[in-house]
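Taking it in order: structure first as structure tokens, then the write-up.
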Amino acid sequence: MVAVPEPVRTTAKEIYAWYEQRKEEHREHLGASQIGHQCDRYLWYVFRWVNLPTFNGRLLRLFGTGKREESRVYDELRGIGVELHTDDGGKQIECRDASGHFGGSIDGIGRGFPEGPKSWAILEIKTHSAKSYHDVASKGVETAKPQHYAQMQVYMGLMDVERALYFAVNKDTDEIYVEWVHFNKADFNALQTRATYIIARNTPPAKLSADPANWVCKMCDFYKTCHHGGWPEANCRTCSHSTPVDGGQWTCGLHSKTLTADDQRKGCGDHVFIPPLVPANPIDGGENYVEYEAKDGTTFKNGPGHDTSASLIRSAKSVPKNRKKMVGDNNGVPFDDPIPFD
């Protein structure tokens with residue numbers, strides 16, 4: 001029997017494509033949900049908008065599962081008598097540190113939880129696969145999910161609350177695991193110090209590992225950029241002229257102006273990459289340009305009147321896949337080739 005080919009268009013494919021067409025944006029602040037990540041360079045890349053991770057439609061749909069679960073958990077908690085606050089004027093409740101660049105949005109804050117009826121507590125809701133759920137239920141959130149633990153410590157510290165309720169849901173069975181988490185001032189101070197360090201740096205911190213075969217690195221959203229000479233995005237945060245300042249603001253030293261979020265995303269024709277982000281060796285520089293030598297010995301200048309940042313990215317993407325060396329490639333890996341994860 002001749003196999004019938006799968007239809008080019010199916011309902012599932014159309015739904016996945018719909019998710020993929022929805023515009024994603026970089027987060028304007030360094031998130032409390034990220035600060036527990038083990039790699040400083042990862043955090044710096046996120047804060048500096050080096051690349052926006054891309055996901056297929058199925059994964060994007062899966063990410064929405066947690067958001068859909070929140071409303072049910074809210075109803076359940078209120079149903080057992082918890083006084084729960086989940087928004088501030090119709091928006092999620094936000095908290096930021098003194099710089100305005102670090103913080104997040106909490107799922108809720110409540111009082112009347114059975115674990116501590118008189119205490120106000122941060123609510124953090126997470127959905128898990130069965131394996132992940134049993135891991136956190138058996139080991140506790142601090143050991144099994146250190147990023148989730150760090151996230152709650154930041155929220156408690158920034159909002160001056162001594163308790164948090166970690167609400168974990170098993171997506172396979174609907175089991176619930178709840179853990180009452182206490183504020184740890186030393187942990188919060190260490191996380192705040194780390195955030196301050198990341199925000200203040202104008203160049204990338206060291207890699208978690210110099211070995212591209214490291215399994216943590218291979219799972220990272222920035223693997224290609226960090227280990228295989230991928231190009232960053234050309235926006236204000238990857239530009240040598242931009243600086244984060246207090247109030248959650250960014251300024252441009254070249255144009256002497258405060259940059260709006262839209263400004264930062266668009267960049268401008270005077271963009272000059274922060275040199276360590278360029279996959280080539282800097283050898284010289286001048287007024288508003290940096291000169292580089294690529295792996296194959298060719299040289300180029302990044303800056304207005306030379307090779308603009310946007311043109312360098314376009315050139316890298318247009319190089320034929322069978323070419324082994326190119327401008328900016330430190331490893332002989334074409335920028336537009338997929339990186340194997342085996």
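Laboratory data are not the source of any read-out in this text; all were calculated from the coordinates shown. As the structure is a computational prediction, the values presented were derived from the model and not from experiment. No Cβ is skipped: glycine too gets one built from the backbone with ideal geometry, and neighbour counts run over all protein chains shown.
Given the options Ile80, Ile274, Ile93, state which has the largest fluctuation in a GNM of the chain using a 10 Å cut-off (strictly under) for Cα springs.
Comparing Ile80, Ile274, Ile93 in a Gaussian network model of the chain, the most mobile one is Ile80.
Take the alpha-carbon positions of region 27-200, form their convex hull, and give its projected area averaged over all directions (one quarter of the hull surface) in nm².
One quarter of the hull surface, i.e. the mean projection, equals 10.5 nm².
Give the calculated FRET efficiency between Asp221 and Lys171 to the nearest 0.05, with a Förster radius of 22 Å applied to their Cβ-Cβ distance.
According to the calculation, E is roughly 0.45.
Taking K and R as +1 and D and E as -1, what net charge do the other residues with C-beta under 12 Å from the C-beta of Lys118 add up to?
-1
Show me the ranking of peptides 286-298, 115-127 by mean Cβ neighbours inside 10 Å, starting with the highest.
For the peptides 286-298, 115-127, the packing ranking is 115-127, 286-298.
Pairs Lys207/Lys301; Lys67/Lys171; Lys131/Lys171; Lys23/Lys126; Lys67/Lys224: which exceed 19 Å Cα-Cα?
Table pairs above 19 Å Cα-Cα are Lys207/Lys301; Lys23/Lys126; Lys67/Lys224.
Using a simple spin-label model with points 7 Å from Cα along the Cα→Cβ vector, what separation in nm is obtained for Lys301 and Arg78?
The modelled label-to-label distance comes out at 6.4 nm.
How much net charge surrounds Tyr149 when only other residues with a Cβ under 9 Å from its Cβ are counted (Lys, Arg +1; Asp, Glu -1)?
With Lys, Arg at +1 and Asp, Glu at -1, the net is -1.
Would you mind giving the average projected area, over all directions, of the Cα convex hull of the chain in nm² with one decimal?
Here the figure is 22.3 nm², rounded to one decimal.
Calculate the translational D of region 3-47 in whole µm² s⁻¹ from Stokes-Einstein, where the hydrodynamic radius comes from the Kirkwood formula applied to all Cα pairs, the temperature is 20 °C and the viscosity 1.002 mPa s.
153
Could you work out the percent of alpha carbon pairs in region 198-270 separated by over 20 Å, rounded to a whole number?
Here the tail beyond 20 Å accounts for 43 percent of pairs.
Taking the Cβ of each residue in Leu77, Leu259 as the centre, tally the other Cβ atoms inside 10 Å and list the residues starting with the fewest.
Leu77, Leu259
Report the extension gain between Thr196 and Gln21 in nm, rounded to one decimal, defined as 0.36 nm multiplied by the number of residues separating them, less their alpha carbon distance.
Taking 0.36 nm per residue and subtracting the Cα distance, the gain is 59.5 nm.
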